[in-house]
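Novice: Handing you this structure, nothing more for now.
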Amino acid sequence: SQFTTLPFAATPRDFEIVAQENVLQKQFDPGDGFEHWVYIGRCGPDMRFSLTSLLTAFRMFRETNPARAASIKMHFIGTDYASGDRARYWVEPIASALGIGDHVVEMPHRIGYFELLRCLQQAHALVVPGSDDPRYTASKLYPYISAKRPLLTVFHEDSSVNQIMQSTNAGVNVSFGGGDSIQNVASRIASLWFDCSAFTREVETDWDAFEPFTAQEMTRTLAQIFDKVSGKATS
């Protein structure tokens, strides 16, 4: 009762600024005839399970729908904290081992915030692999939801990401637990995301349910915390 956890809040207004200022992104050409799926954020050994499950599901899809899969490019951007030659590649080695390296483009270096938002806006679909740590919550989830694109998340069953995705109806949510195998999770992803072409469908997010995660509401909560600890009555 003495602690409150506040993640980074959602700021939909930032997407309006990106559009008004005509911010450009250099990561892919949305009009080149390919379908560009995007993930922007760090990767690491704790995300190997979800990444391998996602890419295995794509390989399954390519085996049964080779023509459809041929148009899909998956971009993983800003996947490492290191800069320059020290940056590591976390996704391309997995994709190459699965034989789908030609569908994956990894750029481990970080990009600017507004370019990031432009990438999310112009992507044909968004994918967010998660950590195998049950305590991990991706604050970056909120910009993904705010981008209003088809969205897939793959997170540990105890992560708060699952509750947020389900309560807001923001996209396809696949979870995994300690007893799951990569093949099991890949099959669920294939069923819920690939087989029914969820990656092409417009999402119907419940924006009322999303409201508590916005900057305005997070600020209100923070102010109430300060009121409580200072003994001031909350209005």
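The values are calculated or read from the model by the stated rules, or taken from the named source; none is laboratory data. These numbers come from a predicted model, not from an experiment. No Cβ is skipped: glycine too gets one built from the backbone with ideal geometry, and neighbour counts run over all protein chains shown. Each accessible area value is taken on the protein alone, full model and side chains, heavy atoms only, with ligands, DNA and RNA left out. Shrake-Rupley method; radii C 1.70, N 1.55, O 1.52, S 1.80 Å.
Novice: Against the conditions (1) open to solvent by 70 Å² or more (accessible area, probe 1.4 Å); (2) under 27 Å from T11 (Cβ atoms); (3) among the β-branched types (V, I, T), where does I40 fall short? Just the number, please.
Specialist: Going through the list (1) open to solvent by 70 Å² or more (accessible area, probe 1.4 Å); (2) under 27 Å from T11 (Cβ atoms); (3) among the β-branched types (V, I, T), I40 breaks only (1).
Novice: Now a separate question. For the stretch 61-87, how many residues meet the condition of being within 22 Å of the chain's Cα centre (by Cα), among the charged types (D, E, K, R) and farther than 17 Å from G99 by Cβ?
Specialist: Here the count works out to 1.
Novice: What number of residues within the stretch 10-54 are touching a residue at least 24 places away in the same chain (Cβ under 8 Å), over 15 Å from the mean Cα position of the chain (by Cα) and part of a loop (DSSP other than H, G, I, E, B)?
Specialist: Of the residues in that region, 12 qualify.
Novice: Continuing with this model, one more query. Which one of A147, A190 is more than 30 Å from S1 (Cα to Cα) and touching a Leu at 6+ places or on another chain (Cβ under 7 Å)?
Specialist: A147
Novice: Out of everything in the stretch 97-147 that is hydroxyl-bearing (S, T, Y) and open to solvent by less than 40 Å² (accessible area, probe 1.4 Å), what residue ends up being modelled with the lowest pLDDT?
Specialist: S139
Novice: Are any residues in the stretch 155-213 part of a loop (DSSP other than H, G, I, E, B), open to solvent by 50 Å² or more (accessible area, probe 1.4 Å) and in contact with a strand residue (DSSP E or B) (Cβ under 8 Å, 6 or more places away or on another chain), and if so, which ones?
Specialist: Within the stretch 155-213, E157 is the sole residue that qualifies.
Novice: Could you check, for the stretch 78-94, whether at least one of its residues is open to solvent by 40 Å² or more (accessible area, probe 1.4 Å), touching a strand residue (DSSP E or B) at 6+ places or on another chain (Cβ under 8 Å) and touching a residue at least 60 places away in the same chain (Cβ under 8 Å)? Break it down into steps so the answer makes sense when it comes.
Specialist: Applying the first criterion (open to solvent by 40 Å² or more (accessible area, probe 1.4 Å)) to the stretch 78-94 yields 81, 83-86, 88-90, 92-93.
Among the residues that remain, those that are also touching a strand residue (DSSP E or B) at 6+ places or on another chain (Cβ under 8 Å) are: 89-90, 92.
Within this subset, residues satisfying the condition of being touching a residue at least 60 places away in the same chain (Cβ under 8 Å) are none.
Within the stretch 78-94, not a single residue is open to solvent by 40 Å² or more (accessible area, probe 1.4 Å), touching a strand residue (DSSP E or B) at 6+ places or on another chain (Cβ under 8 Å) and touching a residue at least 60 places away in the same chain (Cβ under 8 Å).
Novice: Let me ask something else about it. Mind checking whether some residue in the stretch 16-34 is surrounded by 12 or more Cβ atoms within 10 Å (Cβ to Cβ), touching a Ser or Thr at 6+ places or on another chain (Cβ under 6 Å) and within 30 Å of C196 (Cβ to Cβ)?
Specialist: For the stretch 16-34, residues surrounded by 12 or more Cβ atoms within 10 Å (Cβ to Cβ), touching a Ser or Thr at 6+ places or on another chain (Cβ under 6 Å) and within 30 Å of C196 (Cβ to Cβ): present.
Novice: Collect the residues in the stretch 164-192 that are closer than 20 Å to Y142 by Cα and not aliphatic (A, V, I, L, M), keeping them in residue-number order.
Specialist: Selection gives Q166, S167, T168, N169, G171, N173, S175.
Novice: Kindly indicate whether any position in the stretch 218-228 is surrounded by 13 or more Cβ atoms within 10 Å (Cβ to Cβ), within 29 Å of A123 (Cβ to Cβ) and in contact (Cβ under 8 Å) with a residue 24 or more places away in the chain.
Specialist: yes
Novice: Within the stretch 114-125, does at least one residue satisfy the condition of being under 17 Å from the mean Cα position of the chain (by Cα), in a loop (DSSP other than H, G, I, E, B) and within 24 Å of W207 (Cα to Cα)?
Specialist: Yes, because at least one residue in the stretch 114-125 is under 17 Å from the mean Cα position of the chain (by Cα), in a loop (DSSP other than H, G, I, E, B) and within 24 Å of W207 (Cα to Cα).
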